[in-house]
Each structure stands twice: as structure tokens, then as C-alpha cells.
Amino acid sequence: MELKTKIHAEDGKHDLTITREFDLPVELLFRAHAEAEIFEQWMSHEYGTVKVVKFEARRHGGWEFQTSDAAGNVIFSANGTIHEFIPDAKITRTFEMANSPFDVQLEFLEFERLSDETSKLRMHVVYRSAELRDQMLKLPFASGLNMAHDRLQDIVGNLR
Amino acid sequence: MNLRRDVFQAIADPTRRAILVLVASQSMTAGTIASNFDTARPTVSKHLQILTECELLEPEQNGREIFYHLNPKKMKEIADFIEPFRKMWDDRFNKLEAVMKKYKTKK
């Protein structure tokens, strides 16, 4: 089966590209990235609820969001600046993880109309170094391991 | 418990990555590996020890000599590390698509 979301990351380089085709008109794909309440909906997941704290959808605007766990504790927070905001075409922004040692990254989001009902997103992400890119790539891998470990602990804990 | 994290620490070092590339072509003794580097022999031995400990290299006794060869299974694990990152974005975008389809019908 053809994978819908593709990651292109060349060895030793400090950038990567995420591409994805959507069964949506380009206007709706762009709206999902341009309206806080919609962004909150698709960025929330079973481990956390996303709350947009600040969202200035314009050139030189700022953005910030927080992810909270079921108990309401903030488990993740990110922010950045918007440099370009061209409806249905392009967003250029920075992304910074709060309370982390990781340097800010630069993101170019390009929205392309494929047909009346389909569209494509190309996200080009530039990191300060190749090492940082690889570290960021491994974060979901590492947290996946942690979650698997937590689940294992739960199961083992229940056995006692 | 931190075995897998150690794998990534192991490949974070440029000399150790070079050793892996070298050994990928054929099994070698520590001496042959060391002769390919300007680094002092004990330093190379230390790198080999780390790579062996996290199972990226497997030592094999052949007569009086020990040959190091790659552990393909472990290398595959590293190649697969990008998959959880892809999956994370795929899940997000699937959700985006589902959420926006509701807005589509509202129009």
C-alpha cells in the first residue's frame, strides 16, 4: 500500500520534507492551519489536549500552543513566529519547543491545489544542524518506547 | 533498559559510524579496522567495545583472531527509527482530513 504521508530525510543533512496528499480542497487544508479552534481539534490526541494560547495568523504574528494531559497538567508547549501567511498557498514559520535544549527550527508549508476536491501539503523543515534533525526525528521513537514501557509496567503492576 | 538509547549514542559518533561503514563491506579484525584510522589503537578498541555492547557489531572467534561483523537486525532497527516520526504525522493528517470533511458538508 502506498503511504499517504511521506518523509524525505537524506543522511547527514539538516533538513527534511514531509509531503501528504489530502482528500480535501486546498481552501480547507489551509483553513486547518489558519484557525486556532480547528488546529486544536486535529492536533489533540489520546495522550493530550491541545490548547492554542496565541495565534496571530499574519506576517510577523506569533503563535503558541500547549498540550495538557487528562489531569490538566501542561506536558508540552511550543511557540514561534509567522513570517509569511499567504492564504491557500504558503505559511513560513518558526517552531520552538518550550523548556527544551533544542534550537528553533524553520518551517515552510506549501499548499497546492491538485483538483477541486484534492490538495497537497509540502512541509520543508530546516534544523540548525544534522545532529539536531536526527534528535528530533527520534523523539517520537523515544516516546513510543517510553509509552510501551509504561504500558508494560501497568500490566506487570496489575499482575502483582 | 536504556539499551536502545545507547544504540543511538553509539551511532552519534562519527568514528563509530565510519567503523560500521567499513565493516559493512566485510568482516574484519580489530587490527584491520584500526589500520584504517589515524586514531590510537586503544581508542578504536573502545569504539569497538561500545559497538559490540549495543549489538551493532558481533565478534566472532576464528582461530586465534576475532573478526567483527555487522548485526543486520540491529541496523534495521536504526533504519526503522524514522517510522514512528512518519506515523505521528500520518495520524495527525488523517485526523485533519476527518475534521475538515465535517466543515466541507457544512458549507
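Compute the separation of the alpha-carbon centres of the range A:73-144 and the range A:1-35 and state it in Å as a whole number.
The range A:73-144 and the range A:1-35 have Cα centres separated by 10 Å.
Can you put A:Phe39, A:Phe30, A:Phe95 in order, fewest other beta carbons within 10 Å first? Provide the component values of the computation, followed by the final result.
Values: A:Phe39 20, A:Phe30 23, A:Phe95 16.
With the sparsest Cβ surroundings first, the list reads A:Phe95, A:Phe39, A:Phe30.
What does the helix-only formula give at 222 nm for the protein assembly as shown: each DSSP H stretch with n ≥ 4 adding -39500 (n - 2.57), the total divided by the residues, and the result rounded to the nearest 500 deg cm²/dmol?
Numbers: 9 runs with 121 residues, N = 267.
Estimated from H runs of four or more residues: -14500 deg cm²/dmol.
Kirkwood hydrodynamic radius for the range B:3-80: how many Å is it when counted over pairs of different Cα atoms?
Numbers: mean 1/r = 0.0801 Å⁻¹.
Hydrodynamic radius (Kirkwood, Cα pairs) of the range B:3-80 is 12.5 Å.
With respect to the cross-link table entries A:Lys51/B:Lys95; A:Lys4/B:Lys101; A:Lys13/B:Lys74, which display a Cα-Cα separation exceeding 19 Å?
Result: A:Lys13/B:Lys74 exceed 19 Å.
Expected output is a single nm value to one decimal: the length gained when fully extending between A:Thr118 and A:Val104, i.e. 0.36 nm times separation in residues minus the C-alpha distance. What is it? The partial results should precede the final answer.
Values: separation 14, 0.36 × 14 = 5.04 nm, distance 3.18 nm.
Stretched fully, the A:Thr118-A:Val104 segment lengthens by 1.9 nm.
Could you work out how far apart the two model spin labels at A:Arg58 and B:Thr15 are, taking each label as a point 7 Å from the Cα in the direction of the beta carbon, and quote it in nm?
5.6 nm
Looking at the P(r) of the protein assembly as shown, how many percent of alpha-carbon pairs lie beyond 25 Å? Show your work: numbers first, answer last.
Details: 19970 of 35511 pairs.
Across the protein assembly as shown, Cα pairs with separations above 25 Å total 56 percent.
Using a Förster distance of 35 Å, how high is the FRET efficiency between A:Val74 and B:Thr52, based on the Cβ-Cβ distance and rounded to 0.05? Don't jump to the answer; show the numbers that get you there.
Working: r = 42 Å, r/R0 = 1.20.
Here the calculated transfer efficiency is 0.25.
Given +1 on the Cβ of Lys and Arg, -1 on the Cβ of Asp and Glu, and no further charges, what dipole in debye does the range A:53-124 carry about its Cα centre, rounded to the nearest 20? Don't skip to the end; give the middle numbers.
Working: 8 positive and 12 negative charges, 31 e Å.
I would put it at about 140 debye.
Please state, to two decimals, what the Cα-based radius of gyration of chain A comes to when divided by 2.2 N^0.38 Å (N = residues).
Numbers: Rg = 17.5 Å, N = 160, 2.2 N^0.38 = 15.1 Å.
Taking the Cα Rg and dividing by 2.2 N^0.38 Å, one obtains 1.16.
Return the FRET efficiency for the residue pair B:Arg41, A:Asp11: r is the Cβ-Cβ distance, R0 is 30 Å, and the value is rounded to the nearest 0.05.
On the way: r = 28 Å, r/R0 = 0.95.
Efficiency, from the Cβ-Cβ distance: 0.60.
We did not get these values from a lab; they are worked out from the coordinates using the rules stated. Everything numeric in this text was worked out from a predicted model, so none of it was measured. Neighbour counts run over all protein chains shown; Cβ positions are idealised from the backbone, glycine included.
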